[in-house]
Amino acid sequence: MSTSEIASQGASESDRAAFRAGPVDEESRLRLADGGLDYRRVAVDGDDYAAWLQSAARGFQDGERSPEQVAASRERSGYRRVTGVYDPQAPMAEAPVATIASWIAELSVPGGAVIPSCAISSVTVAPTHRRRGVARAMLEGELRATRDAGVPVAMLTVSESPLYGRYGFAPAAAAAAWKIETKRAAWIGPRPDGRVDFIPRDRVRQLMPVLHERIRHRTAGEIDIAASFWDLFAGTNPAAERTGEKRAIQYTDASGEVRGAAVYAVRENEADFTKGTVSVHYLVAETDDAYAALWRFLLELDLVAEVDAENLAVDERLLWMIADQRAAKITVRDHQYVRILDVVAALETRRFGASDRLVLDVSDPLGIAAGRYLLETAADGTGRVRRVDDGEQVDAVLLTLGIAELSATYLGGVSVATLAAAGRVTVHDTAGGAASTSSEAVATASRVLGWHTAPRLSIWY
Ligand SMILES: CC(C)(COP(=O)(O)OP(=O)(O)OC[C@H]1O[C@@H](n2cnc3c(N)ncnc32)[C@H](O)[C@@H]1OP(=O)(O)O)[C@@H](O)C(=O)NCCC(=O)NCCS
């Protein structure tokens, strides 16, 4: 597939299906076989799936899944490519000693386009088999399989931060967790004309994906969200626990169109009945009015002292809708990790912050995306990328950086200036002459690769 086709098509159902059914990476299969381990794909509708799911749950120190939970997972996991590593010598040889799952999703990038991106999840290695390179073999294998499928980007959310930089991943969209003291917050935002109403959980289950589908391209970092996640938020998965706690609301604008929805739960404070805590499980708003109306509703609930929400943007506009910004305790952490596999396809899909030229000298620990590239951006934000030939002199600002650092900038979540000051990238005034660095060169690179809004991913996967 050519770069422009990738950019215009997103991820087709046939590409997704081919990836799901594709083989495991041969290099990793041979490496694991050398250690007596069998690396193979697992059919979600086959006999091996239940044991795979139990191993993945154990890997995350979770309890055993009930037969209902296994059935519910099987029913909702058809979109995943599921792989296990098996030890034929183990007493429970049918249970994999390592697990990984992945699927082709669409990642929204700066400027409103989406790019096919391989989402990687369920990475576990049994404590009996840890620290002998099994995770490395699976991660490298999945990245090579992704590249071989012509998918230009990979992504994941992580349980532990230090694991994935070695494979070229970097945090590209941070997430903010909020704890809002409602008594101090005092709403000063808009008070739209529409109405907020309670709705049944199965109604919000239908509504949220429709609304999210309309808006996901607006925010870099978002992905198309699989059905199982909506069941989780809405509490409509038959195997879910404590679903009765979930309350669902919708916002209907003055013309009668539903523009937003939210699911939340209230936890009672037994010591003081007036001080309950609200957890916002998911809030989706198609319009500014829907956003304001839903948040105002949540912050003004009676018998509630605190509202908690996770995976918000680091530039969340809610901060400017409350009278006392210190009412919100905000914790920011790394969230959506990105790994560019095809520099040309990845960069040509996003839009850029300024019109200029940059030479990118990219190194890659896995050798997949290494090379010297010329990026030329236009006034409309589009960019063209080509490889620079050996010995070719180009008069443009030069960035020398690893693929992880380029991936960190991909969604506009960190500036080149910050990465340069942190010693993570080197900027030179020109790729063609002597090595010198001016503040203008750093500013140019920052403007080109920057974006005016922060990226955000609203789920953990
Ligand atoms: C994290 C986990 C997958 C690592 O599996 P593993 O097979 O022991 O890892 P490997 O032996 O392949 O190690 C690969 C590299 O990661 C490093 N590494 C492994 N676990 C690490 C940890 N917890 N913290 C920091 N580095 C770690 C190793 O030192 C090694 O580095 P190197 O190859 O650059 O020398 C495994 O311990 C596990 O399943 N943990 C619980 C579940 C979990 O956290 N999964 C991650 C989901 S995001």
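The values are calculated or read from the model by the stated rules, or taken from the named source; none is laboratory data. Values in this document were obtained by computation on a predicted structure and should not be read as measured data. All Cβ positions, glycine included, derive from the backbone under ideal geometry; neighbour counts span all protein chains shown. Ligands, DNA and RNA are stripped out before the accessible areas are found, and what is left, the full protein with its side chains, is counted by its heavy atoms. Shrake-Rupley method; radii C 1.70, N 1.55, O 1.52, S 1.80 Å.
General observations
- Cβ-Cβ distances below 6 Å connect the following pairs, each with a first residue in the range 162-178 that is touching a residue at least 40 places away in the same chain (Cβ under 8 Å), a second residue that is of a type in the set (Gly, Ala, Ser) and within 15 Å of the ligand (Cβ to nearest atom), and a separation of six or more residues or different chains: Gly165/Ala404; Gly168/Ala404; Ala170/Ala404.
- Filter result (more than 9 Å from the ligand (Cβ to nearest atom), small (Gly, Ala, Ser) and open to solvent by less than 10 Å² (accessible area, probe 1.4 Å)) within the range 127-160: Gly141, Ala154
- Number of positions in the range 161-198 that are within 16 Å of the ligand (Cβ to nearest atom) and open to solvent by 50 Å² or more (accessible area, probe 1.4 Å): 5
- A single member of Ser73, Ser102, Ser77, Ser66 is of a type outside the set (Asp, Glu), touching a strand residue (DSSP E or B) at 6+ places or on another chain (Cβ under 7 Å) and in contact (Cβ under 8 Å) with a residue 12 or more places away in the chain, and it is Ser102.
- If you check Glu440, Glu392 for being loosely packed, with under 15 Cβ neighbours inside 10 Å, part of a helix (DSSP H, G or I) and either among the charged types (D, E, K, R) or in contact with a Leu (Cβ under 8 Å, 6 or more places away or on another chain) (or both), only one passes: Glu440.
- Residue that is surrounded by the most Cβ atoms within 10 Å (Cβ to Cβ) [pool: residues in the range 303-348 that are closer than 22 Å to Tyr291 by Cβ and without any contact (Cβ under 8 Å) to a residue 60 or more places away in the chain]: Leu319
- For first residues located in the range 122-134 and of a type in the set (Lys, Arg), partners that are more than 6 Å from the ligand (Cβ to nearest atom) and open to solvent by 20 Å² or more (accessible area, probe 1.4 Å) and lie 6+ apart or on another chain with Cβ distances below 9 Å form the pairs Arg132/Gly35.
- Exclusive hit being more than 13 Å from the ligand (Cβ to nearest atom), part of a loop (DSSP other than H, G, I, E, B) and open to solvent by 10 Å² or more (accessible area, probe 1.4 Å), set Ala50, Ala33, Ala90: Ala90
- Residue under evaluation Ile115, criteria (1) in contact (Cβ under 8 Å) with a residue 24 or more places away in the chain; (2) within 16 Å of the ligand (Cβ to nearest atom); (3) open to solvent by less than 10 Å² (accessible area, probe 1.4 Å), criterion not met: (2)
- Flag set for Ser108, criterion: crowded, with 18+ Cβ neighbours inside 10 Å, hydroxyl-bearing (Ser, Thr, Tyr), modelled with pLDDT of 95 or more and touching a His at 6+ places or on another chain (Cβ under 7 Å).
- Any chance Ala11 is surrounded by 18 or more Cβ atoms within 10 Å (Cβ to Cβ) and out of contact with any Gly (no Cβ under 7 Å at 6 or more places or on another chain): yes
- Test: Arg65 is more than 30 Å from Val343 (Cα to Cα), among the basic types (Lys, Arg) and within 15 Å of the ligand (Cβ to nearest atom): no
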